[in-house]
């Protein structure tokens, strides 16, 4: 069990999480406990020194990276610790939430950001002719 002591504007609350929880879950719980109307917050850690464990993510002092929001706390070396934190409200950022895989297997396929809204066209089978044998533009005379 991990204990977070959240302090903001002279209000202190204690939140406990198991190692299966994520940083995004903690942020949602802070929003609920403090009754905030925002959708997203940034967590700022106030640990005295960085927590480093071999083979795990480092838990450093300061702003926690948003890229680590979806990783469970067992990927850090912070089990059975008490961690003082604070937060900043950020309404402009939309968190990336993992989507469940679909039946056609496209959820696990990488799609570059510039192609995410493009619908894939139907592929033409090689057995279908894409040209006309009698058209002089396709087959000019020699």
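The values are calculated or read from the model by the stated rules, or taken from the named source; none is laboratory data. Bear in mind the structure is a predicted one, so any value in this text is a computation, not a measurement. Cβ sites come from the backbone with ideal geometry, for glycine too, and all protein chains shown count toward neighbours.
Step by step: first the residues of the stretch 52-69, then only those that are outside any loop (DSSP other than H, G, I, E, B) and within 13 Å of the chain's Cα centre (by Cα), then the one that is surrounded by the most Cβ atoms within 10 Å (Cβ to Cβ). Which residue is that?
Keep residues of the stretch 52-69 that are outside any loop (DSSP other than H, G, I, E, B), which gives 57, 59, 62-63, 66-68.
Next, from what is left, pick out any that are within 13 Å of the chain's Cα centre (by Cα): 66-68.
Values: 66: 17, 67: 9, 68: 15.
Once the filter is applied, the top-ranked residue is 66.
When you check residue 6 against the structure, is it over 20 Å from residue 67 (Cα atoms), at pLDDT 90 or above and surrounded by fewer than 16 Cβ atoms within 10 Å (Cβ to Cβ), yes or no?
Values: over 20 Å from residue 67 (Cα atoms): yes; at pLDDT 90 or above: yes; surrounded by fewer than 16 Cβ atoms within 10 Å (Cβ to Cβ): no.
Against the criterion (over 20 Å from residue 67 (Cα atoms), at pLDDT 90 or above and surrounded by fewer than 16 Cβ atoms within 10 Å (Cβ to Cβ)), residue 6 does not qualify.
Can you name every residue in the stretch 28-51 that is surrounded by fewer than 17 Cβ atoms within 10 Å (Cβ to Cβ) and either on the phi > 0 side of the Ramachandran plot or not in a loop (DSSP other than H, G, I, E, B) (or both)? Give the derivation first.
To start, the set of residues in the stretch 28-51 that are surrounded by fewer than 17 Cβ atoms within 10 Å (Cβ to Cβ) comprises 28, 32-39, 42, 44, 46-50.
Correct list: 28, 32, 33, 34, 35, 42, 44.
Looking at (1) more than 21 Å from residue 90 (Cβ to Cβ); (2) assigned to a loop (DSSP other than H, G, I, E, B); (3) in contact with a strand residue (DSSP E or B) (Cβ under 8 Å, 6 or more places away or on another chain), which is the one condition that is false for residue 16?
(2)
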